[in-house]
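Take a look at the structure set out below.
The values are calculated or read from the model by the stated rules, or taken from the named source; none is laboratory data. All figures in this text were calculated on a predicted structure; none of them were measured in a lab. Ideal geometry is used to build each Cβ from the backbone, glycine not excepted, and the neighbour counts take in all protein chains shown. Side chains are part of the model used for accessible areas, which takes the heavy atoms of the whole protein and leaves out ligands, DNA and RNA. Shrake-Rupley method; radii C 1.70, N 1.55, O 1.52, S 1.80 Å.
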Amino acid sequence: MQNDVVSYWQGTSHTDSWIRLNTISFLTCLFVLAAVFLSELIIPYASHDQYRHFAEPRGNLAYKQSCSNEPYHRLQMMLGRPIAAVGECIVFENANSLSDLNALRFAVLIVLALAAASFAAVLRNCGLGGIASASLSLAIFTLPPIQVGVLMTSFALAFAPLSASLSHLALQRAHDRYSRGSRGAAIASAILAAVLLMASLLTYPFLALFFLCATMARLLFAAAGAWRHQALLLVRDGLFFALVAGLYWCVAKLTLFPHDAASIASVPVAYRASLSLSGAVAKLGSFSTDILGRVLALWFLYPSRVLSGA
């Protein structure tokens, strides 16, 4: 009985320590990211394609209450990103003025801080210390591609890496539980990992690769003598990602992507789902020649509609 009490309190202490550590990590990430994105949070502005939020017929209060009136919502659904479509709808329904976008950007920032803290937890599992893991995670989550999530008020660009990082943590927990003989808990954690990774894919498939970034981090920071164990974990992560990605492909292709010619024609060619190797090469070529050369010129940021008209 005494051993059970001691074990209980040790487990409670470990849980409290884990909660405190992750809370401190989240608050640190939130503070640093808020400092980095301070101008985006206090200066009212809209990017080049966000003026659609203010172009609805004036006086029609019901217009913004229907996601069908948000063009990006329907496109995201057809592209197999229903969770991203929900994020677009949230912005559309709640952005009635430029200042409203600032409040929504702060909400995106909170999700981004959660994602950074979650990836820092993944790095700690890989053997890094608390300060090193938080620093490396923040270095990643302040890169220009991630900054677009705040600039464009995109919940998807913050939620996808968050869900992918949590999926990797859940899968590692399933592995640990299985090693200790708790098969029921291991199965539950594995199912949770699959659900979280599927959610990441249903939000932004490319950013679901944060799951494999965690795998790469473990390989980089693992002890040199544990290469056999790391090889098995690499195979585990690869098979798990491939299985969930295959399931996502079936859901996106068979359920979400349109099957009638008229709807397919409304989807840009670059976004159409295809397993063709030649198609993948063509998309990479289009990205390197057409998109990269113009992307900087597309980010016109206007503090007011008057300047945008000029």
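Quick notes on this one:
- Within the shell of other residues whose beta carbon sits under 13 angstrom from the beta carbon of Leu151, the net charge comes to -1, with Lys and Arg scored +1 and Asp and Glu -1.
- Taking label points 7 Å from Cα along the Cα-to-Cβ direction, Cys250 and Asn96 give a separation of 4.6 nm.
- Nearest-20 debye value, region 53-129 charge dipole, Cβ charges on Lys, Arg, Asp, Glu: 160 debye
- Rounded to whole Hz, the Karplus (6.51, -1.76, 1.60) HN-Hα couplings of region 150-167, x for glycine and proline: 7, 4, 9, 6, 9, 5, 5, 5, 9, 6, 4, x, 4, 5, 5, 5, 5, 5
- Fully extending the segment from Ala242 to Tyr51 would add 64.9 nm, taking 0.36 nm per residue of separation and subtracting the current Cα-Cα distance.
- Taking the accessible area of region 90-162, probe 1.4 Å, and keeping the other protein chains in place, the carbon and sulfur fraction comes to 71%.
- Total formal charge among the other residues, if their Cβ is under 11 angstrom from that of Leu212, Lys/Arg +1 and Asp/Glu -1: 0
- Per-residue Karplus couplings for region 91-105, computed as 6.51 cos²θ - 1.76 cosθ + 1.60 with θ equal to phi - 60°, are listed in order as 5, 4, 6, 10, 9, 9, 8, 4, 5, 5, 5, 5, 5, 5, 5 Hz, Gly and Pro entered as x.
- Across region 38-46, computed HN-Hα scalar couplings (Karplus, 6.51 cos²θ - 1.76 cosθ + 1.60, θ = phi - 60°) run 4, 5, 5, 8, 10, 9, x, 7, 9 Hz from first to last residue, x flagging Gly and Pro.
- Whether region 35-106 is rounded, prolate or oblate, judged on the alpha carbon gyration tensor where a/c under 1.5 counts as rounded: oblate
- Charge-dipole axis of region 38-115 as Lys and Arg at +1 and Asp and Glu at -1 on Cβ define it, positive-most pick from Phe54, Ser66, Phe106: Ser66
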